[in-house]
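The values are calculated or read from the model by the stated rules, or taken from the named source; none is laboratory data. Not measured: the values here are computed from a predicted model. Ideal geometry is used to build each Cβ from the backbone, glycine not excepted, and the neighbour counts take in all protein chains shown.
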Amino acid sequence: MSLLELIRRRRSIFPVQYSSDSIAPSDIEELLEAANWAPTHRKTEPWRFYVIQGEQRTALGAFLAAKYRETDPKASDFKAKKIQQKPEQSAAVIAIVMQRCPEESVPEWEEVAATAMAVQNLWLLATEKGLGGYWSSPGLKAYMSEFLEMNPGEKCLGFFYLGKFEGPAPEREPKPLAQKVVWVGKSS
Ligand SMILES: Cc1cc2nc3c(=O)[nH]c(=O)nc-3n(C[C@H](O)[C@H](O)[C@H](O)COP(=O)(O)O)c2cc1C
C-alpha cells in the first residue's frame, strides 16, 4: 500500500466497534516508536504517552464517569455509562500528553502541533496494522492529573482509544482540496 493510500484509509474507529481481543505489547511499542519520530521544533520532543491497560482501563472508566457526574449538572446515566464503557471496550487507552518545555523555548502551540504529529504517526501505523483507533478529546481530560501521576508541565490533550477491529472502515471524503489551497505564482 502506498503512503498516500494508507493516509486515505486512516479512519476514526470507536471503542464500540472493537473486538475483545488484546493487542500484542510489541505492536503497541511499535506504535509508540512511530510516534517518537515526529518532527519537533528545537527538538523538544514534547509528546508523552501513558498507556493504560488491563484493570486500569476499568479504573479509568470509573474515574471519568464519576468526574462527568460531578462536573456536569445535566449528567445522564446513559452518557455516564458510555463514558465508563469506552476504556473497557478498548485493548488499551493511550493518554496523549504534551510536556511543555521548561525553558519555553518554543511557543506552546508548537508543542501541541508536534504532539499531534506524533499521534498521526501512531495512527497511520495502527491503520497499517489493521488496528482501530481514534483521538478523543473530552473536557474531562483536564482532570487526568488526578488519575495519572503526571509530571509538572504535562498537559493531557486527550485519549487514543485502541482496539482490534474487523473492517470495513467507514467511508469519508474530505471537502475538496480546491477550497483550501491557493496557488501563488506559477511553477517554471
Ligand atoms: C485533535 C483531535 C481531537 C478529536 N477529538 C474527538 C472527540 O473528542 N470525539 C470524537 O468523536 N472524535 C474526535 N476526533 C476525531 C474526529 O472526529 C475525526 O478525525 C473526524 O471526524 C474525521 O474522521 P476520520 O478520522 O475517520 O477521518 C478528534 C480528532 C482530532 C484530530
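Residue pairs whose Cβ atoms lie under 8 Å apart, separated by 6 or more positions or on different chains, with the first residue in the stretch 158-173 and within 11 Å of residue 130 (Cα to Cα) and without any contact (Cβ under 8 Å) to a residue 24 or more places away in the chain and the second within 12 Å of the ligand (Cβ to nearest atom) and part of a loop (DSSP other than H, G, I, E, B), do not occur.
When you look at residue 46, is it modelled with pLDDT of 95 or more, buried (at least 18 other Cβ atoms within 10 Å of the Cβ) and out of contact with any Pro (no Cβ under 9 Å at 6 or more places or on another chain), yes or no?
Details: modelled with pLDDT of 95 or more: yes; buried (at least 18 other Cβ atoms within 10 Å of the Cβ): yes; out of contact with any Pro (no Cβ under 9 Å at 6 or more places or on another chain): yes.
For residue 46, the condition - modelled with pLDDT of 95 or more, buried (at least 18 other Cβ atoms within 10 Å of the Cβ) and out of contact with any Pro (no Cβ under 9 Å at 6 or more places or on another chain) - is met.
Residues 48, 42: which one is closer than 21 Å to residue 110 by Cα, within 13 Å of the chain's Cα centre (by Cα), basic (Lys, Arg) and not in a loop (DSSP other than H, G, I, E, B)? That would be 48, the only listed residue that is closer than 21 Å to residue 110 by Cα, within 13 Å of the chain's Cα centre (by Cα), basic (Lys, Arg) and not in a loop (DSSP other than H, G, I, E, B). Going through (1) among the aliphatic types (A, V, I, L, M); (2) out of contact with any Asp or Glu (no Cβ under 7 Å at 6 or more places or on another chain); (3) surrounded by 13 or more Cβ atoms within 10 Å (Cβ to Cβ); (4) touching a residue at least 12 places away in the same chain (Cβ under 8 Å) one by one, residue 142 falls short only on (3). Against the list (1) of a type in the set (Ser, Thr, Tyr); (2) within 16 Å of the ligand (Cβ to nearest atom); (3) crowded, with 17+ Cβ neighbours inside 10 Å; (4) closer than 26 Å to residue 111 by Cα, the condition residue 12 fails is (3).
Total residues in the stretch 1-31 satisfying the condition of being in contact with a helix residue (DSSP H, G or I) (Cβ under 7 Å, 6 or more places away or on another chain) and in a helix (DSSP H, G or I): the figure is 7. Checked against (1) touching a residue at least 60 places away in the same chain (Cβ under 8 Å); (2) more than 23 Å from residue 53 (Cβ to Cβ); (3) surrounded by fewer than 18 Cβ atoms within 10 Å (Cβ to Cβ), residue 183 meets all criteria but (1).
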